[in-house]
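**Student:** Quick one: the structure is below, and I'll ask about it shortly.
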Amino acid sequence: MLEHQKILIIEDDFMIREVISTMLECEEFEVIEAEEGYDGITLAKQCLPDLILCDIMMPNLSGYDVLKRLGETEQTAAIPFIFISAKSQKNDVRLGMELGADDYISKPFTRDELVTAVKTRLKKQAERQHYYDGKISQIEEKMHELEQKLNQLIYADSELMFTPTQGWQGRFEQVVMTADKIITMTGEITEAIEREEFQLHYQPQVDIRTGEIIGLEALLRWQHHQRGMISPVEFIPIAEAKGLIVPLGEWVLKTVCQNAKKWQNMGYSFRRVAANISAQQLQQPNFGSKLLEILMDTGLSPQYLELELTESMVVQNIEQATNVFQQLKNMGVQIGIDDFGTGYSSLSYLNNFDFDTLKIDRSFVHNLDKQPKKQAMVQLMISLGHTLSLKVLAEGVETEAELSILKELHCDEFQGYLFSRPLPASEIEVLLQEHQKL
Ligand code: C2E
Ligand code: CA
Ligand code: CA
């Protein structure tokens, strides 16, 4: 089983490299060699070996740095890594292990020690792989089954095909505007940013079982100096079309983080404050670094911020989304999938992304108690979310009857007019005060 597996040796000492190589070739392993760290990393990425043996003390790049760099790339991070070194003091061993090494062999070593260490690690890796393969195929099977059922239900129900909240493009077309109106509004949005006419309202997100407020979703409002309150449904598509969503979105993130930190300082506890993100924001090459800057400036810990993305944003830019996604996850922010159920019928991509929350679109929640078909769909969405270990939140809950069905279906969280409309920051503080008597 273990024969013919590929072992990469990174070692600057020619003699030691040859000895190890010969010992392993005798055991029918395929051996590749690098005489210094940078070459080792390149070879690891090119050949994807089954295991890496690496010296610690090397010119150019130390073994620790090699391990660190391999850990930064998804492809190479999981390759079993064993240090070989004369540095056998405890501290070196600990440092290596802390950096994620799997084992440590001290020079001089016997042939048996080397071969046993390599074989043991490869066996463990094979067992782990087998376990994950099994889990993944179980999840895939279950998802496929759920996906089919969901599609059957959605397409069987022609009414629903027309009612889900439409995506951006849909909303844009829905708000039929003349070119003039768009041009006027574009100028006005720029002025409005300067005039500070934008505000954030917050809608509570509630734990269905305990009734506690566990989060807040920030929703943008435009208090126009002449026309009064303008809905985001009207101005966001224009801001997006004109590239103004980038500065506006940055203002939203800054304000959300500032407010969240302020509320934490006031003693309120919550699991997250959520902000809606547009595709264009995510496409900015510096989105991750901008966000990090905002988090650092405001002092909010990343785990308290959730970014709400829609399915289509992820699916339409899958490659780019994967990179940004990984960056955001590494940073520690949470990611929610918004308006779930309205976009794509293929859900398999969900399995490739480590989301935290799945938000069922309000079109599936509306009149849930009166429509058994919707209940079946919502039930499937909840199972799907739970299969992927996500928290499932239902949006737009307006009646006790809808809430009670969601409870029966084991939905985790909800938000909607039944509990509260989105409120300005000052009113949210009053609500938090009432609900979290300290
Ligand atoms: P969304 O993210 O799906 O936000 C939920 C919408 O449902 C909000 O509309 C909210 O007021 C509304 N809602 C909440 N509870 C209920 C309910 O019980 N019944 C009904 N019928 N509606 C409910 P809103 O505030 O008009 O926002 C509309 C959309 O605009 C949002 O949909 C979101 O996609 C977008 N949006 C809002 N703020 C921002 C933002 O800061 N950035 C971006 N990119 N988009 C935003
Ligand atoms: Ca949202
Ligand atoms: Ca939504």
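**Student:** Counting each DSSP H run of 4 or more residues in the chain as -39500 (n - 2.57), what helix-only mean residue ellipticity at 222 nm follows after dividing by all residues, to the nearest 500 deg cm²/dmol?
**Tutor:** Value at 222 nm, helices only, nearest 500: -16000 deg cm²/dmol.
**Student:** Okay, moving on. Once fully extended, how much extra length lies between E191 and S106, figured as 0.36 nm per residue of separation less the alpha-carbon to alpha-carbon distance? Can you show the working numbers first?
**Tutor:** Values: separation 85, 0.36 × 85 = 30.60 nm, distance 6.75 nm.
That works out to 23.8 nm of additional length.
**Student:** Can you bin the chain into rounded, prolate or oblate? Criterion: square roots of the alpha carbon gyration tensor eigenvalues sorted a ≥ b ≥ c, rounded for a/c under 1.5, prolate for a/b above b/c, oblate for the rest.
**Tutor:** On the way: a/c = 2.37, a/b = 1.92, b/c = 1.24.
Here the chain falls in the prolate category.
**Student:** Across the chain, where is the longest run that never hits GluC sites (Glu not before Pro) in a DSSP loop with at most 11 other C-beta atoms within 10 Å? Working shown, then result.
**Tutor:** Working: sites that count: E3, E28, E72, E196.
The longest uninterrupted stretch comes out as 197-438.
**Student:** Which shape class, rounded, prolate or oblate, goes with region 6-130 when its Cα gyration tensor gives a ≥ b ≥ c as root eigenvalues, a/c under 1.5 marks rounded, and past that a/b bigger than b/c marks prolate?
**Tutor:** Working: a/c = 1.14, a/b = 1.01, b/c = 1.13.
Rounded shape, in that the Cα axes give a/c under 1.5.
**Student:** I've got another one for you. Run the quick spin-label model on N60 and M331: label points 7 Å from Cα toward the beta carbon, then report their separation in nm to one decimal.
**Tutor:** Going from the N60 label point to the M331 one covers 3.4 nm.
**Student:** Describe numerically, in nm with one decimal, the distance between label points set 7 Å from Cα along Cα→Cβ at A78 and at E398.
**Tutor:** 4.6 nm
**Student:** Continuing with this model, one more query. What's the extension gain from V430 to A376 if we count 0.36 nm per residue and subtract their Cα-Cα distance?
**Tutor:** Gain on stretching V430 to A376: 15.7 nm.
**Student:** Taking square-rooted eigenvalues a ≥ b ≥ c of the alpha carbon gyration tensor, is region 180-437 rounded, prolate or oblate, where a/c under 1.5 means rounded and, failing that, a/b exceeding b/c means prolate?
**Tutor:** rounded
**Student:** Here's another thing I want to ask about it. Looking at region 180-437 only, what percent of DSSP beta bridges run antiparallel? Nearest 5 please.
**Tutor:** 40 percent
**Student:** Another one. Under 15 Å between C-alpha atoms is the cut-off here; go through region 6-130 and count lysine pairs that meet it, provided they're at least eight residues apart or on different chains.
**Tutor:** Lysine pairs meeting the criterion: 6.
**Student:** Suppose every Lys and Arg Cβ carries +1 and every Asp and Glu Cβ carries -1, with no other charges. What dipole size does region 6-130 come out with about its Cα centre, to the nearest 20 debye?
**Tutor:** On the way: 15 positive and 24 negative charges, 104 e Å.
Using Cβ point charges on Lys, Arg, Asp and Glu, region 6-130 gives about 500 debye.
**Student:** Of the residues S85, S301, S389, which exhibits the maximal mean-square fluctuation in a Gaussian network model of the chain defined by a 10 Å Cα contact cut-off?
**Tutor:** Between S85, S301, S389, it is S85 that shows the largest mean-square fluctuation.
**Student:** Now a separate question. Run the reach check for K261 against lysines, Cα to Cα strictly under 25 Å, same-chain hits fewer than 8 apart removed. What comes back?
**Tutor:** Straight-line reach from K261, under 25 Å: K290, K329, K359, K391, K437.
**Student:** Which residues make up the longest stretch of the chain clear of trypsin sites (Lys or Arg not before Pro) that lie in a DSSP loop with no more than 10 other Cβ atoms within 10 Å, not counting the sites?
**Tutor:** 1-226
**Student:** Oh, and also: As an exercise, use a Förster radius of 41 Å and the Cβ-Cβ distance of S269 and N91 to find the FRET efficiency, rounded to the nearest 0.05. Display every interim value, and only then the final one.
**Tutor:** Working: r = 39 Å, r/R0 = 0.96.
Approximately 0.55, to the nearest 0.05.
**Student:** When DSSP assigns beta bridges and you keep just the ones with both residues in region 6-130, what percent turn out antiparallel, to the nearest 5?
**Tutor:** 0 percent
**Student:** Pick from I335, I230, I189 the residue whose mean-square fluctuation is largest in a GNM of the chain, springs joining Cα atoms under 10 Å.
**Tutor:** Looking only at I335, I230, I189, the largest GNM fluctuation is found for I230.
Each value in this text was obtained by applying a stated rule to the coordinates, not by laboratory testing. Just so it is clear, the structure is predicted and the values come from calculations on it, not from any experiment. Reconstructed Cβ throughout: ideal geometry from the backbone, glycine too, with neighbour counts over all protein chains shown.
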